[in-house]
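The values are calculated or read from the model by the stated rules, or taken from the named source; none is laboratory data. Keep in mind it's a predicted model, so treat the numbers as computed, not measured. Cβ sites come from the backbone with ideal geometry, for glycine too, and all protein chains shown count toward neighbours. The protein model used for the area step is the full one, side chains on, heavy atoms only, and it has no ligands, DNA or RNA in it. Shrake-Rupley method; radii C 1.70, N 1.55, O 1.52, S 1.80 Å.
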Amino acid sequence: MKGIDRNMVLEKMLAGAESRLEYRKIHAISKSGRYYAEAIRNYYAQVRNAGEEDKPLAWTSLFIPVELLYAMGIVPFVLEQYVIQFMAQELNTDYLDLGEGLGFSSESCSPHKAAIGMAKAGLLPLPDLILSTAPLTCDSSTTMFELLGDLCNCPGYFLDLPYSYDEEAVKYLARELQELAQYLKDRTGRRLNQGKLEEILKISRQTDHYFHLTHQLRRSIPSPLRAREAFSAFALRFYCEGLPETLEFFKAQYEETRDKVERQQGGLPEERLRVAWFGLYPFFDMKLIDWMEDTYKASVAADMMNLLPFEENQLSFSDPWETLAWNRLNFMGLRCCLPYEGFKEDMINTCREMNLDGFIFFANFGCKQTSNFFMLLRKDLSKELGLPILMITGDPLDPRITSTHQIKSLLDEYFKTLEAKASKVRRS
Amino acid sequence: MTTTNTIKGADVSMTTIKKFEDTFTQRDMLARKWKQEGRALMGWVCTYVPEEIIYAAGALPIRVLGGAQETPLADATLYSNACSFIRNCLEMGLDKRYDSLDGLVSVNTCDHIRRFFDVWTYHIPMPFKIILSVPTKVTENTIRFFTQELSRFRHSLEEFTGNRITIDSLRSAIGTYNRTRILLGKLYEKKKSLNPPLTGTQTLHTILAGMVMPKDQYNVLLEELLQEIETKGSGISQDGKLRLMVCGSELEHPEFLELIEQSGGLVVADDLCNGARYFWGMVDPEEEPLNALARRYLSRFPCPRMHPLESRVQYIVQMAQDFAVDGVIYEVIKFCDLHANTYPLIKKGLQEVGVPVLKLEREYLFSATGQLKTRIQAFFENISSARI
């Protein structure tokens, strides 16, 4: 940790994005690959340049609609996503320990622990604002933002998210968003550009459309995307929803995926098994996922990108606030933080359509709500689809909870069972 | 178990407290009796559930609490990171100990309680079930939304019970519940004195009984208790005991407070959902009832689910000062992110006014008493030596 400061970390992240972009240009990697690298590079650049360009920098939780911030000329620094990306590159558990040392519970979610540690170590760009949602996504996230507000001497604002999904919930969230816009105006003096917001919402609508088309194509046999390719959408939508470069990436990714499906080309050279991977990945060693795909010729046909419940973005609401509210309630699986009863059918149906041989749940030990609804989903998947399920307790950032070796052993045993089952089916 | 004589050398026995203890101990049997009398029983899970609406529907609100010594059924149903409070409550449900309930009313308090509702209703058929969306901050918009939620709750209850919940019945229920709040407020007011009339253990018995019995009957007992205190005159002599406040997660085991009090402390104040957080703050009887309920429940003594946390810190610091406590014991049930992660800010707030804090991690069931006792005694010694 010594000798590193907040600017160096950001510069390093930016340099990494630059070199990935250069590599992709030189090696004629797919169009979507280049667009992705470009969009991520641009995002880090705008965070770095916020001060110089006299734009306020707002730390945000995952479900604060960045579309609104972009429409007000405020730069969103999507903290949890940034921390995950940083930690996945650094592989340094010191920040987790530092977060715990400052009183954040050892049983909480590790990206939150790491964020506290990184903030204390002075590795994050200083915020002008801190914006969080509550009570969702989770207790670990909301309490982290309370602590960060104190650590950074910057008061937090909490956007309340309803624990329901109906017309009243949309209207309520729309009013909440209007209040957030007013708060942002009061704090920064920045006015909302209504025309810009509407333009952003249009882009977001198209992005969402291509996103879902792409991930629905993964039901094709063979499945057209590798696990990493499919998951790349995660960062971009959280960082840059509503920006033209985000749309450019998702449109290109869709077209490439569609062409592959038409050519019957899979993400893997050969597909023998199809599995779902639910939960985050062990970001501390993503080679593990490559190993799983290559060793067992197992496509990850379903993951958080297509298993999480959603309804497509709308533009049909009479006012943009309701549009924004609707979109947010359907954004990247927020609805799976709501009552299980409301989304279980969607998840089971998706699994059914994906023709899966197995279902792997990587349970982040710090995530109480996901692991506890999964206990129900597990029963339903077994009952409805007879799917063999592997549940791995682990942590996305901390290999000390469950190491690569331990995960490999569990996967090895599981896939051998799946292979045996598949060959029995083939024989019969 | 004798919990009425918790302080060595002091006669703190109270006839009414025994009645509260008995009510709580026999709550299953009493609930069945009330049900036989024709009242629907509604289990509620968290103190953000406005019981008044259930009461106004002619049903009896009963708090769902734990009580099992072991949790094998719940262990097979929940993931290992679910807190031991909901684990224990679920065990009771799965073990058919809440069979007399006609319904379950919950709120979106925390990660654990949200999933508890899912798991409970998945495994235990309930004729009536509802989870309310309680906002996490107090603004006119959140009050308006919560009022709508309460209206939805009211209509579903009307449909289920067949009883109309009129404005008058709501006002009457609010009156009864406000009476409870006034009486408990009087009791807590007396605990500010140098010789408080009740121990913390006795106070917990008092509050717990109120959560599992009809409030009109409870109010009669509370009046009786206040009368008994008046008659008795003298309170508990402090006699070198430290005045303490207990804060934190769900706590329904008087033995925990008894241990503190046997170690040389006297619990005079608390920030517990089975304590002050349950009754602090009145419902405005003049306002439209659902609006008034929404306002009161959102702006009551906050638990750490509410934002900004600053308001909770202020409440706790104010209480610590008003009750002139020498120290605070902050207890956290394992896996409770809300209480565990907000501890640093609570501690900071208390330290700014010179109140020392001891954090104790615990499980819902009362156990590991030896370790707890050692830490509590060390904390008391630190406070005492700092005074010298």
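Heavy atoms only, 1.4 Å probe, whole protein assembly: order A:Ile26, B:Ile236 by accessible area, highest first. Present the calculation step by step, with values, prior to reporting the outcome.
Values: A:Ile26 125, B:Ile236 5 Å².
Listed by decreasing accessible area, they come as A:Ile26, B:Ile236.
Under a model in which nothing but the beta-carbon of Lys, Arg (+1) and Asp, Glu (-1) is charged, the protein assembly as shown shows a dipole of about 780 debye around its Cα centre. Rolled with a 1.4 Å probe across the full set of protein chains, the surface gives A:Asp128 an accessible area near 80 Å².
Just checking the output field for B:124-133: average partner chain Cβ neighbours within 10 Å of each residue's Cβ?
On the way: counts 0, 0, 0, 0, 0, 1, 0, 5, 2, 11.
Partner Cβ neighbours, averaged per residue: 2.
Look at the alpha carbon pairs under 8 Å that are at least 6 residues apart: their mean separation over the length of region B:161-273 gives a relative contact order of 32 percent. With 10 Å bins beginning at zero, the pair-distance distribution over Cα atoms of chain A amounts to 4, 21, 33, 28, 12, 2, 0, 0 %.
Cross-link list A:Lys113/A:Lys408; A:Lys287/A:Lys421; A:Lys368/B:Lys334; A:Lys344/A:Lys416; A:Lys113/B:Lys359: which exceed 23 angstrom alpha carbon to alpha carbon?
Values: A:Lys113/A:Lys408 26 Å; A:Lys287/A:Lys421 26 Å; A:Lys368/B:Lys334 12 Å; A:Lys344/A:Lys416 29 Å; A:Lys113/B:Lys359 19 Å.
Violating the 23 Å Cα-Cα cut-off are A:Lys113/A:Lys408; A:Lys287/A:Lys421; A:Lys344/A:Lys416.
Here the contact order of chain B, divided by its residue count and restricted to Cα pairs under 8 Å and six or more residues apart, works out to 19 percent.
What per residue convex hull volume, in Å³, comes out for region B:266-388 when only alpha-carbon positions are used? Provide the component values of the computation, followed by the final result.
Details: hull volume 15.3 nm³, N = 123.
For region B:266-388, the hull spanned by Cα atoms encloses 125 Å³ per residue.
Rolling a 1.4 Å probe over the protein heavy atoms leaves B:Glu287 with an accessible area of roughly 40 Å².
At q = 0.10, 0.17, 0.19, 0.20 Å⁻¹ the log10 of I(q)/I(0) for region A:237-388 amounts to -0.44, -1.23, -1.41, -1.46, computed by Debye summation with a single uniform scatterer per C-alpha, solvent ignored. Since only A:Ser19, A:Leu151, A:Ala71 are under comparison, the one whose Cα sits farthest along the positive direction of the charge dipole of region A:6-192, derived from C-beta charges on Lys, Arg, Asp and Glu, is A:Ser19.
Restricting the calculation to Cα atoms, region B:83-237 yields a radius of gyration followed by a Dmax of 19.1, 53 Å.
Taken over region A:324-383, the alpha-carbon convex hull comes to 102 cubic angstrom per residue.
Put simply, when A:85-94, B:82-91 are sorted by average Cβ atoms within 10 angstrom per residue, most first, you get B:82-91, A:85-94. The relative contact order of chain A, computed from alpha carbon pairs under 8 Å that lie at least 6 residues apart in sequence, is 16 percent. The C-alpha radius of gyration of region A:1-63, expressed as a fraction of 2.2 N^0.38 Å, stands at 1.30.
The mean of 1/r over all distinct Cα pairs in region B:15-387, once inverted, gives the Kirkwood hydrodynamic radius of 21.1 Å. Accessible surface area normalised per residue over region B:110-196 is 39 Å², counting heavy atoms of protein chains with a 1.4 Å rolling probe.
Summarise the partner chain shielding of A:132-145 as one whole number: the mean count of Cβ atoms from other chains within 10 Å of each residue's Cβ.
Numbers: counts 1, 1, 7, 13, 4, 1, 4, 15, 5, 2, 11, 13, 2, 3.
Neighbouring Cβ atoms belonging to other protein chains average 6 per residue here.
Among the residues of A:157-165, the average count of other protein chain beta-carbon atoms within 10 Å of the residue beta-carbon is 6.
Which value, in square angstrom to the nearest 100, describes the accessible area buried between chains A and B on both sides, using a 1.4 angstrom probe? Could you put the intermediate results ahead of the total?
On the way: alone 17810 and 15810 Å², together 29460 Å².
Roughly 4200 Å² of accessible surface disappears when A and B pair.
For region A:6-192, give the percent of accessible area contributed by carbon and sulfur heavy atoms, probe 1.4 Å, rounded to a whole number.
Its accessible area is 46 percent carbon and sulfur atoms.
Beyond 20 Å, the tail of the calculated P(r) for region A:6-192 holds 58 percent of the Cα pairs. Based on protein heavy atoms only, region A:334-428 ends up with 43 Å² per residue of surface accessible to a 1.4 Å probe. Note on the protein assembly as shown: dipole from Cβ charges, positive end direction compared against A:Leu307, A:Tyr36, B:Thr206; the farthest Cα belongs to A:Leu307.
Projected onto planes of every orientation and averaged, the convex hull of the alpha-carbon atoms in region B:61-155 covers 6.6 nm². Of A:Leu173, A:Leu280, A:Leu151, the residue with the largest accessible area leads and the full order is A:Leu151, A:Leu280, A:Leu173 (1.4 Å probe). Binning the C-alpha pair distances of the protein assembly as shown at 10 Å intervals from 0 yields a P(r) profile of 2, 13, 22, 25, 19, 12, 6, 2, 0, 0 %, listed from the shortest bin outward. Got a number for the accessible area of B:Cys46? Probe 1.4 Å, square angstrom, nearest 10. Accessible surface of B:Cys46 is approximately 10 Å².
What order do A:Ser132, A:Ser428 take when sorted by accessible area (1.4 Å probe), most exposed first?
On the way: A:Ser132 0, A:Ser428 125 Å².
Largest accessible area first, the residues go A:Ser428, A:Ser132.
Shown for region B:342-362: residues covered by the partner protein chains by 40 Å² or more of accessible area relative to the chain by itself (probe radius 1.4 Å), namely B:Pro344, B:Leu345.
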